[in-house]
1. Name every residue in the range 78-104 that is away from the ligand (no atom under 14 Å from the Cβ) and either β-branched (Val, Ile, Thr) or not assigned by TED's automatic domain parsing to the domain that holds Asn244 (or both), in order of residue number.
2. Ala87 passes all but one of (1) surrounded by 14 or more Cβ atoms within 10 Å (Cβ to Cβ); (2) aliphatic (A, V, I, L, M); (3) over 27 Å from Glu265 (Cα atoms); which number fails?
3. Quick check: anything in the range 133-141 over 18 Å from Tyr335 (Cα atoms), surrounded by 17 or more Cβ atoms within 10 Å (Cβ to Cβ) and away from the ligand (no atom under 15 Å from the Cβ)?
4. When you go through (1) under 18 Å from Asp81 (Cβ atoms); (2) within 14 Å of the ligand (Cβ to nearest atom); (3) not in a loop (DSSP other than H, G, I, E, B) one by one for Ala263, which number turns out not to apply?
5. For the range 13-72, what are the residues that are aliphatic (A, V, I, L, M), out of contact with any Leu (no Cβ under 6 Å at 6 or more places or on another chain) and surrounded by 18 or more Cβ atoms within 10 Å (Cβ to Cβ)?
6. Given the options Ile222, Ile204, name the one that is crowded, with 16+ Cβ neighbours inside 10 Å, away from the ligand (no atom under 16 Å from the Cβ), modelled with pLDDT of 95 or more and closer than 24 Å to Asn161 by Cα.
7. Would you mind telling me which numbered condition in (1) more than 13 Å from the ligand (Cβ to nearest atom); (2) closer than 30 Å to Gly326 by Cα; (3) touching a Phe, Trp or Tyr at 6+ places or on another chain (Cβ under 6 Å) Asn36 fails?
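The values are calculated or read from the model by the stated rules, or taken from the named source; none is laboratory data. If you're wondering where the values come from, they're calculated on a predicted model, not measured in any experiment. When we count neighbours, we look across all protein chains shown, and the Cβ atoms used for this are built from the backbone with ideal geometry, even at glycine.
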Amino acid sequence: MSRPVPNPGILDIAPYTPGKSPVPEAGRKMFKLSANETPFGPSPKAIEVYKQAAAHLEDYPEGTSRVLREAIGRAFGLDPDRIICGAGSDEILNLLAHTYLGRGDEAISTKHAFLVYPIATKANGAISVVAPETNFTADVDAILRLVSARTKLVWLANPNNPTGTYLPFDEVKRLRAGLPPNVLLVLDAAYSDYVSRNDYELGIELVATSDNTVMTHTFSKIHGLAALRVGWMFGPASIVDAVNRIRGPFNVSTPAMLAAVAAIEDTAHQQMSKIHTDKWRSWLTEEVTKLGLTVTPSVANFILIHFPLEKGKTSADADAFLTKRGLVLRALNNYGLPHALRMTIGTEEANRLVLEGLREFMARK
Ligand SMILES: *Cc1c(COP(=O)(O)O)cnc(C)c1O
């Protein structure tokens, strides 16, 4: 060996390609609708608390994120001892993989699932097994068919990114019931705050009634704190205990922790954002469909728009056309969706500009 060799699985991970930062035509404002960030920013109270925290940057954070776990506990009616906070849910997902996956193990996710799942799986030497979807939606039977003696974990974003689809609670329960008890089910509820369906449950009930299911959540979406990196999980005591043993002792910074507390307590800010998202998601879905494009019905803060394959009308053409106008959507080639673009619901101005842009795009010869 003439040089260090990465662990098995590491080089099977496709290098991450970050979203582009394009330059629009002169005189156009840029709207970034490519990363599912809120157009409203965080609660002003969170910003205020964050600024105040600057006075004490010399001190290490409280290592268990106690004040944040308590605030989350109050907001969701959960026992703070069963919560772990992390540097984004990314860290939590990686900690779970590191705790439960090893060489030769298998972890299942679905065809168009969040890319962090296969990365966290392979980073631990495990094999990423991909279940087909039905109508861009996780298919419980397809997942269950892939379970083998090596299966250790199932990843399920509900709702899923980048498709925006969800599984009703009955289906999630059916999935859990069909999995062997030693298989960890990870329910990623990053977008749960945007869902208004009475057959949806974000995972709390299942976690509370089983000892092999965890639910992860984030402050990056409706709370608008993506830059600060705060996520959390709710899990059974045994899983919380195991994950805490490998968690870095100061993994959430004090400014991030305190801002997250202020954010979760500002329910009016969340409500405003949810109402806006509901309204414009319906409007965009309807109007974009009228242009002759297909939109996958979404319950999250983004929509998936499918484009024709004919030259001049493809998703790549649309992406280039919109980008020139400062409207940045997300191409999804690395998600196995080369003919679709994902659009985050933006401000009214941004949403109307995208519709206008798509109308001209579809009408041009
Ligand atoms: C955005 C997103 C997250 C949040 O990740 P953070 O690391 O908390 O910012 C988690 N899961 C899915 C499916 C997402 O789209």
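1. Ile83, Thr99
2. It is condition (3) that Ala87 fails.
3. yes
4. Only one criterion is unmet by Ala263, namely (1).
5. Residues of the range 13-72 aliphatic (A, V, I, L, M): 13-14, 23, 26, 30, 33, 35, 46-47, 49, 53-55, 57, 67-68, 71-72.
In the following step, the residues that additionally are out of contact with any Leu (no Cβ under 6 Å at 6 or more places or on another chain) were identified as 13-14, 23, 26, 30, 35, 46-47, 54-55, 57, 67-68, 71-72.
Listed by number, the residues that qualify are Ala46, Leu68, Ala71, Ile72.
6. Ile204
7. (1)
Residues checked against (1) assigned to a loop (DSSP other than H, G, I, E, B); (2) aliphatic (A, V, I, L, M); (3) in contact (Cβ under 8 Å) with a residue 60 or more places away in the chain:
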residue: Asp170; (1), (2), (3): no, no, no
residue: Ala177; (1), (2), (3): no, yes, no
residue: Asn182; (1), (2), (3): yes, no, no
residue: Ala190; (1), (2), (3): yes, yes, yes
residue: Asp193; (1), (2), (3): no, no, yes
residue: Asp199; (1), (2), (3): yes, no, no
residue: Asp211; (1), (2), (3): yes, no, no
residue: Ile222; (1), (2), (3): yes, yes, yes
